[in-house]
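> I have a structure I would like to understand better, so I am pasting it below and will then ask my questions one at a time.
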Amino acid sequence: MFEAVRAARRLVGLGLVVAGCALGGCGGVAAPGSPGGSSRPEVHRGVAQAHTLPGDQLLAGPVLVDHRAVWVEGGHRLLVRSLDAHGRTRTLFSTSATPGAPKGILWPFYVPSIAAGDGRVAFEELVTPCASAPPRALRCPRTMGDRPVYSVTVFAGRPGAIRPVESLLTPPPAKSCQGRPEPYAVAVADAGLVDYEVSFFPCDRAVSRLVLRSYSGRLVRVLARGLPVTTPFVTAGDWAALIRSSALGSKPDQLQIVRISTGQTVLRLRRRCLLRIDAVALDGSGRFAVITYTPRSSSCQQQNGFLRVGQIGHSRLRILAKKGPEALPTTSIAIASGIVAYGRPTGRSLTGTQVVITAPGAAPTPIPGMKFGSPLAFDGRMVATAHNHTVQVAAIPRR
């Protein structure tokens, strides 16, 4: 994916993308029974399910917006669709625009992730040949690095009003590192869009930063500089959490949490007996969950995986799950109102994984009928995930 982003360098106006969206039907909402909608709700054992449309691939998501699962899928068009607890689907956004690309480009859409917050969604879309191609498609390079990238566009907005915020077209090769870093991943916070930006080729040393931008794309403040490439991050409310990793794992990972409205670092978690941080999740109240692993050494415990929860402003972390590495099979976790959703094995064979929710002092509660997949979204009321190009959403059991 980083190889693909290297080609996008030049900031351009939004006119081309907006015009393309108008032609492709951006922001359109499908009526029940129309293409992209569904007249046959599908609910099994309390879990609502929706498959991608014929010929489409699930590209990113789901996330939860207003208790509905929202995801991105693509084929010859790029679609954002939603699913409610009753199994009803709607198309929230659609475009076939491919800025800067040659005419007739096939299956051009690549979306690495989608984020949600404050009733909005945000995602970054790359136009590159065959990215949304069906399996075993002919005339497609086998690897992403073999495909040129013609444009990168950041989209954001409320369902039904998703619009392009920023677009970059591929320029001729450059010989310097002039200009600001390029958008690579985007998330939604109360104050605007949190953008992870990276300087790539042809720079000798890649650098990255985390910034806050308005919903119109204007830079508000830099939240973190000089980040390693890559730096996973999540946002919720007024908080952003980053996992800083050293090159080749030479030093322990560090968890850094920043207050977005001020740019102030409010928490740094780095311990000698903490070798790796695999995942972090936040909620708007400042609670967080983190999956960590300890190394094998004489001074540390034997290698184990820990699912811990904490609160910004408090130093204590509480353990929710403690197992060997093979018993924490995923790095996808979510937290809302102090309750954590994650996946755990269904038996000793570790061949199956179920979705469970838990909180400190409470036993894990399975979500009946839901197959675990990644990513996992949870808003305190609903859980959503995807499994084999099928999106699932379910209400959590009453506790």
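> Given 0.36 nm per residue, what is the gain on full extension from LYS251 to ARG316 after removing their alpha carbon distance, in nm?
21.2 nm
> So how do 335-341, 69-75, 375-381 stack up, highest first, on mean other-Cβ count within 10 Å?
Top of the packing list down: 69-75, 335-341, 375-381.
> Using the number of other C-beta atoms within 10 angstrom as an exposure proxy, rank SER167, SER208 with the fewest first.
Least to most surrounded, the residues fall as SER208, SER167.
Coordinate-derived values only; no laboratory data. A quick note: this is a predicted structure, and the numbers were derived from the prediction, not measured. Cβ: placed from backbone, ideal geometry, glycine included. Neighbour counts: every protein chain shown.
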